[in-house]
Amino acid sequence: MSKELSDSYRDPTLAGQLVRWIAKISRKKIRLMEVCGTHTVSIFRSGIRSLLPDTISLVSGPGCPVCVTDPGDIDAFLALARMEGVTVATFGDLMRVPGSQGSLLELKSEGRDIRVVYSPLDALAVARENPDRKVVFLGVGFETTAPTVAAAVSQALQEGLANFFIYSAHKLVPPALAAISKNPDLRIDGFLLPGHVSVIIGSGAYRPFVETSRCPAVVAGFEPVDLLQAIGMLVSQIEAGEARLENAYKRAVSEKGNQAAQMLLENTFQVTDAPWRGLGVIPKSGLALKPEYAGFDAGKVLPLCVPASESPAGCRCGEVLIGKITPPDCPLFGTACTPVKPVGPCMVSSEGTCAAFHRYGGAS
């Protein structure tokens with residue numbers, strides 16, 4: 001996107017017009033959830049909460065892939081890193097996430113072979129260069145990153161790399177939205193749908209959820225004008241008593257999405273039930289390697305023994321992830337739990353809600 005075009009989505013005059021439109025049409029008290037962690041950061045950075053009328057509340061959802069990774073999976077990562085002859089390759093956000101017994105960063109400081117990579121293909125290179133070691137890539141993410149993992153598995157099969165493995169903790173967004181909408185303890189009147197995920201799965205992937213839940217939903221971009229437009233579209237629906245799927249990010253998101261990426265996922269993974277931090281096990285919300293790729297599945301091939309996992313005492317990250325509380329409601333926030341010494345993953349990830357609240361001082 002050119003600078004001129006990107007600047008137009010940050011135009012304060014246009015943003016002001018949208019704010020006035022929202023204020024004019026907003027009458028009911030409504031709660032909107034931004035699902036994406038990048039949206040949470042963008043909303044804080046641009047001060048959008050302070051621009052909205054008092055009738056509108058924005059709550060953050062489970063859109064940070066590191067944050068929603070189940071404690072049992074985090075402990076499985078640590079168990080893999082402790083195995084002799086195993087090299088763990090991971091994205092950087094996972095390094096500082098606390099498990100029941102330390103973190104990957106602490107294990108690395110103790111001499112375990114843990115490497116930060118920028119792509120699953122980097123992990124493939126590590127496996128080629130170290131044929132005497134078992135290289136495990138920790139697959140964490142939504143539909144956005146899972147296709148690159150699928151491509152890496154396909155490449156490993158073609159090359160006959162017998163020392164490359166995947167631990168898949170991938171999650172699917174639409175089932176999580178359905179779980180949140182059914183939760184009787186939450187009252188979400190509309191959803192700001194994630195931009196990056198929607199590029200892959202397409203806006204049409206949310207249609208079954210919207211038709212079943214009767215909850216308004218709008219795909220949103222990441223600039224201030226994008227977000228305000230999407231919020232206005234949601235408010236307009238809610239005030240009119242409607243529940244539709246709309247796309248406010250058409251310059252990047254199509255109805256059908258990236259079909260090549262979808263084909264990679266379909267060929268490599270099968271949908272499975274998956275545990276989410278804060279949401280429990282959600283049916284058909286995860287991705288597991290298909291049986292024909294079982295030889296690359298670290299959880300099946302390696303003698304993995306994971307102790308019973310527990311969330312850190314006092315940490316309420318799970319409730320933050322579903323919008324039940326805001327970070328300042330957690331007794332550890334800003335005292336025992338800080339970005340320097342995080343207790344829960346919501347304070348670790350750059351997309352974590354607690355990290356965003358701490359960074360911006362809780363300001364809107």
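The values are calculated or read from the model by the stated rules, or taken from the named source; none is laboratory data. Quick caveat: nothing in here was measured; it's all calculated off a predicted structure. Counting neighbours? That spans all protein chains shown, and the Cβs are built from the backbone with ideal geometry, glycine included. Surface areas here come from the heavy atoms of the whole protein model, side chains and all, with no ligands, DNA or RNA. Shrake-Rupley method; radii C 1.70, N 1.55, O 1.52, S 1.80 Å.
Computed from Cα positions, the angle between helix 259-268 and the longest principal axis of the chain comes to roughly 40 degrees.
Using Cα-Cα distances under 8 Å and only pairs 6 or more residues apart, what relative contact order does the stretch 165-304 have, in percent?
32 percent
Solvent exposure of M347, expressed as accessible area, is near 0 Å², computed with a probe of 1.4 Å over the protein chains only. Given their separation in residues at 0.36 nm each and the Cα-Cα distance between them, K256 and L121 gain 46.0 nm when the chain is fully extended.
Please list, by residue number, everything in the stretch 328-364 whose backbone N is under 16 Å from a paramagnetic label point 7 Å out along Cα→Cβ of S57. Label zone hits: 328-330, 364.
Which of the residue pairs K134/K290; K182/K300; K256/K290; K182/K250 have a Cα-Cα distance greater than 30 Å in the structure shown?
K182/K300
For the stretch 207-284, what is the accessible area per residue in Å², given a 1.4 Å probe and the full set of protein chains? Each step should come with its number before you reach the end.
On the way: 3550 Å² over 78 residues.
Here the residues of the stretch 207-284 average 46 Å² of exposed surface.
When the square roots of the Cα gyration tensor eigenvalues are ordered a ≥ b ≥ c, the ratio a/c for the stretch 291-337 is 1.5 or more and a/b exceeds b/c, which makes its shape prolate.
Would you mind calculating the relative contact order of the stretch 35-132 from Cα pairs under 8 angstrom and at least 6 residues apart, reporting the percent as a whole number?
Details: 85 pairs, mean separation 21.8, N = 98.
Relative CO of the stretch 35-132 lands at 22 percent.
Angle of helix 120-129 to the longest C-alpha principal axis of the chain, folded into 0 to 90 degrees and rounded to 10: 10°. The trypsin sites (Lys or Arg not before Pro) of the stretch 25-64 meeting both criteria, a DSSP state outside H, G, I, E and B (loop) and at most 16 other C-beta atoms within 10 angstrom of the site's C-beta, are R27, K28, K29. Calculated mean residue ellipticity, 222 nm, the chain: -11000 deg cm²/dmol, from DSSP H runs (n ≥ 4) at -39500 (n - 2.57) each, averaged per residue and rounded to 500. Compared with the dominant Cα axis of the chain, that is its longest principal axis, helix 12-25 is turned about 70°. Maximal additional length on extending the V271-N183 stretch stands at 29.4 nm, based on 0.36 nm per residue less the C-alpha distance. Annotation for the stretch 60-109 versus the stretch 208-282: alpha-carbon center distance of 28 Å.
Summing Lys, Arg as +1 and Asp, Glu as -1, what charge do residues with Cβ under 13 Å from the Cβ of S26 carry, S26 excluded? After counting each charged neighbour, the total is +3.
For the chain, what does the relative contact order come out to in percent, with C-alpha contacts under 8 Å and a separation of six or more?
Numbers: 696 pairs, mean separation 83.9, N = 364.
Reported relative contact order: 23 percent.
How large is the accessible surface per residue of the stretch 46-149, computed with a 1.4 Å probe and reported in Å² as a whole number?
On a per-residue basis, 36 Å².
Of V59, I201, T145, whose Cα points farthest to the positive end of the dipole of the chain (charges on the beta-carbon: +1 Lys, Arg; -1 Asp, Glu; origin at the Cα centre)? Going by the Cα projections, it comes out as V59.
Just the C-alpha atoms of the stretch 75-115: what Rg/Rh do they give, with Rh taken as the Kirkwood radius? Could the numbers behind the result be given before it?
On the way: Rg = 8.8 Å, Rh = 9.9 Å.
A ratio of 0.89.
P(r) for the chain, from all Cα pairs and a bin width of 10 Å, is 5, 24, 32, 24, 11, 3, 0 %, short bins first. R128 to L105: FRET efficiency via 1/(1 + (r/R0)^6), r the Cβ-Cβ distance, R0 45 Å, to the nearest 0.05? With a Förster radius of 45 Å, E is 0.95. Stretching the chain fully between Q158 and E239 yields a gain of 23.7 nm (0.36 nm per residue, less the alpha carbon separation).
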